[in-house]
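Taking it in order: structure first as structure tokens, then the write-up.
No value in this document is a laboratory result; all are computed from the given coordinates. Values in this document were obtained by computation on a predicted structure and should not be read as measured data. Note that we place each Cβ from the backbone using ideal geometry, even for glycine, and neighbour counts take in every protein chain shown.
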Amino acid sequence: MARIDIEVLARTAYDAYRNAQKKTVPPWDELTAAEQLGWKAAVSAVTTHGDKTLADVGPTPSLVLQAGGQTQVFSTDFTAGRQGNLAAGDDHASSHHARFQFAHGYWYVEDLNSTNGTWLNGRRMFSAQRLKKGDKVRIGRTTVTIVSA
């Protein structure tokens, strides 16, 4: 399978961003080299796994979880905490408390040196742990239940 050109993807993503803006945004060719490099890096971060593109390795299975009575679905790595992608409105949670990431065919959770620790099924974690359906992850006083991993 052919590799996808990161510059083409970066230009396409930038054009989509540009078209969604209400203010005037310069075209790709008027961006500085640093800005273009930033767009390429962002696209590369979400489209590649080492030397293979996502098209080569297939899609990452989504992580479905329940927190605070709401179901949320993630298909890329994310952080949980007061300022994370999975927001925990909880004074006992750190700003970026835990990282959820997909690696080696499975979803994992790891504590990000939070003050109160991250707990998996009632046990404090000291290293990344593989997640499975039914697991309960506690971040501060917020419990996240894994619906599908």
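I need the shape label for the range 64-149. Rule: rounded when a/c is under 1.5, else prolate if a/b > b/c, else oblate, with a, b, c from the alpha carbon gyration tensor.
rounded
Express the relative contact order of the range 63-148 as a whole percentage, based on alpha carbon pairs under 8 Å and six or more residues apart in sequence.
Contact order relative to length: 29 percent.
Can you tell me, using C-alpha contacts under 8 Å and at least 6 residues apart, the relative contact order of the chain as a whole percent?
Taking the mean separation of contacting Cα pairs over the length of the chain, I get 17 percent.
Please report 138, 18, 11 as a ranked list, fewest other C-beta atoms within 10 angstrom at the top and most at the bottom.
Arranged by neighbour count, lowest to highest, 138, 18, 11 become 18, 11, 138.
Taking the Cβ of residue 66 as the center, what net charge do the other residues with Cβ under 14 Å away carry, scoring Lys and Arg +1 and Asp and Glu -1?
After counting each charged neighbour, the total is +2.
By count of other Cβ within 10 Å, fewest leading, how are 146, 139, 6 ordered?
6, 146, 139
Starting from the Kirkwood radius over alpha-carbon pairs of the chain, derive D by Stokes-Einstein at 20 °C in a medium of 1.002 mPa s and give it in µm² s⁻¹.
For these conditions, the coefficient is 124 µm²/s.
Let me check I've understood the local charge: for residue 114, count other residues with C-beta under 13 angstrom from its C-beta, Lys and Arg +1, Asp and Glu -1. What total comes out?
Neighbour charge sum, excluding residue 114 itself: +1.
Run the dipole for the chain about the Cα centre, Lys and Arg Cβ at +1, Asp and Glu Cβ at -1, nothing else charged, and hand back the magnitude in debye, nearest 20.
Rounded to the nearest 20 debye, it is 660 debye.
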